[in-house]
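**Q** Once you've had a glance at the structure underneath, I'll fire off some questions.
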Amino acid sequence: MQDKKYMERALELARRGRPWPNPFVGAVVVKDGEIVGEGYHPKAGESHAEVYALAAAGERARGATLYVTLEPCCHTGRTPPCTEAILSAGVARVVVATADPNPCVCGRGLERLKQSGLEVEVGVLSQEARQQNEVFFHAMEKRRPHFTLKLAQSLDGKIATKTGASRWITGKKAREWVHQLRDRSQAIMVGSGTVRADDPLLNTRLPEGHDPIRIIVDTEASLSLEARLWTVASPVIVAAGEGAPWSRVEGLKRRGAQVLLLPRKEGKVDLNALSAALFEEGITDVLVEGGAALAGSMLSQGLVDKFYLFVAPMVIGGQAAPGAIGGPGWDNLEECPRFRLESSRQIGIDLLLTLYPEVRGCLQA
């Protein structure tokens, strides 16, 4: 029971970091029933959670128990191996929530500690730790970014009226929640149509929020050089198709954007090629906020790994009013992407559904 208590604290600490593409990790040092050191991994390139916690504990770490949410690293990357810091501190016992899926670690850190005579226990709150790092586990296992699709629609599946009015379908509480989601995301991605229609900032409007990297899927490099998103300091990546007008590409670069020229698929940017390019750039966590065409393409190419759907208590109506998912759609119900409902809850006046892709052949009536 005490192990669970201290691991819960370590998981709580881990949430404070913004460590992409590294995992969220928290650590707690306990001696004689008292927490004597705490730490978390704040961002890539800085010390890991274990190092901060052991430094805070100082000499009190000798003979203590270290609780850490992910297997300590045993290789030299941007920082030295955490296993050696643990051994130098004189810790007697290490409790780990889950092993690290990174091929550079993957059990080697645990084995290093065991071989050095430390008592090592693995699996305390492992499910919670894996859920907290679902993006990292996905990136390590599939070698591509984790894409979370977020959409907001009316009860009848519309995202705007027939005249294009779309602000605001959801209420204030839901919009605040979305900004908290952006704060927890490494990058946000939209299509060029959304930028033209809404002229969004794509930032996090929180007092001390983290502004994500902005990714615009813009096949013809037609993004306006006067768009409001240029007024925000966080980076902009434009995913353009090969053959996009060179003058437009150069204009975007002069505006400060990083332009990725990618193969086309059916006339549009190949999203699988974009996924591979983003992974090479160290981007593993992408929040996709639309619009309908991009959402349809992501779904058709099997790139949606998590789905947040807000349903607002209103009916918009009209055949000309756009729906939440664009593109050609699917001919048969058997071909349609299906999702498993993980949870539902009310946020303000709106309903939020959290869903994951359903494995083919595992559907139940």
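**Q** Please specify each residue of the range 115-127 satisfying the condition of being in contact (Cβ under 8 Å) with a residue 24 or more places away in the chain and either part of a loop (DSSP other than H, G, I, E, B) or not hydrophobic (A, V, I, L, M, F, W, C) (or both).
**A** Residues satisfying the conditions are SER116, LEU118, GLU119, GLU121, GLY123, VAL124, LEU125, SER126.
**Q** In the range 272-281, what residues are open to solvent by less than 20 Å² (accessible area, probe 1.4 Å) and touching a residue at least 60 places away in the same chain (Cβ under 8 Å)?
**A** If the condition is that a residue be open to solvent by less than 20 Å² (accessible area, probe 1.4 Å) and touching a residue at least 60 places away in the same chain (Cβ under 8 Å), then SER275, LEU278 are the ones that fit.
**Q** Can you confirm whether SER192 is in contact with a Pro (Cβ under 9 Å, 6 or more places away or on another chain), more than 30 Å from ILE86 (Cβ to Cβ) and of a type in the set (Gly, Ala, Ser)?
**A** no
**Q** Sticking with this one: For residues in the range 123-168 being modelled with pLDDT of 95 or more and among the β-branched types (Val, Ile, Thr), which is surrounded by the fewest Cβ atoms within 10 Å (Cβ to Cβ)?
**A** VAL124
**Q** Can you find a residue that is part of a helix (DSSP H, G or I) and not basic (Lys, Arg) anywhere in the range 89-103?
**A** Checking the range 89-103: at least one residue is part of a helix (DSSP H, G or I) and not basic (Lys, Arg).
Every residue, every condition in (1) in a loop (DSSP other than H, G, I, E, B); (2) open to solvent by 30 Å² or more (accessible area, probe 1.4 Å); (3) over 20 Å from PHE147 (Cβ atoms), yes or no:
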| position | (1), (2), (3) |
| --- | --- |
| GLY296 | no, no, no |
| VAL304 | yes, no, no |
| PHE307 | no, no, no |
| MET314 | yes, yes, yes |
| GLY318 | yes, yes, yes |
| ILE325 | yes, yes, no |
| GLY329 | yes, yes, no |
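Yes/no per residue for (1) within 22 Å of LEU262 (Cβ to Cβ); (2) open to solvent by 30 Å² or more (accessible area, probe 1.4 Å):
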residue: VAL178; (1), (2): no, no
residue: LEU181; (1), (2): no, no
residue: SER192; (1), (2): yes, no
residue: LEU206; (1), (2): no, yes
residue: HIS210; (1), (2): no, yes
residue: VAL217; (1), (2): yes, no
residue: GLU220; (1), (2): yes, yes
residue: ALA227; (1), (2): yes, no
residue: GLU242; (1), (2): yes, yes
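**Q** Same structure, new question: Is it fair to say ARG112 is modelled with pLDDT under 95, surrounded by 14 or more Cβ atoms within 10 Å (Cβ to Cβ) and either outside any helix (DSSP H, G or I) or of a type outside the set (A, V, I, L, M) (or both)?
**A** yes
**Q** Right, something else. So which residues in the range 28-43 are closer than 20 Å to ARG18 by Cα, open to solvent by less than 20 Å² (accessible area, probe 1.4 Å) and either in a loop (DSSP other than H, G, I, E, B) or β-branched (Val, Ile, Thr) (or both)?
**A** If the condition is that a residue be closer than 20 Å to ARG18 by Cα, open to solvent by less than 20 Å² (accessible area, probe 1.4 Å) and either in a loop (DSSP other than H, G, I, E, B) or β-branched (Val, Ile, Thr) (or both), then VAL28, HIS41 are the ones that fit.
The values are calculated or read from the model by the stated rules, or taken from the named source; none is laboratory data. Model, not experiment: these values are computed from the prediction. Cβ sites come from the backbone with ideal geometry, for glycine too, and all protein chains shown count toward neighbours. Protein only, heavy atoms only, side chains kept; ligands, DNA and RNA dropped before computing areas. Shrake-Rupley method; radii C 1.70, N 1.55, O 1.52, S 1.80 Å.
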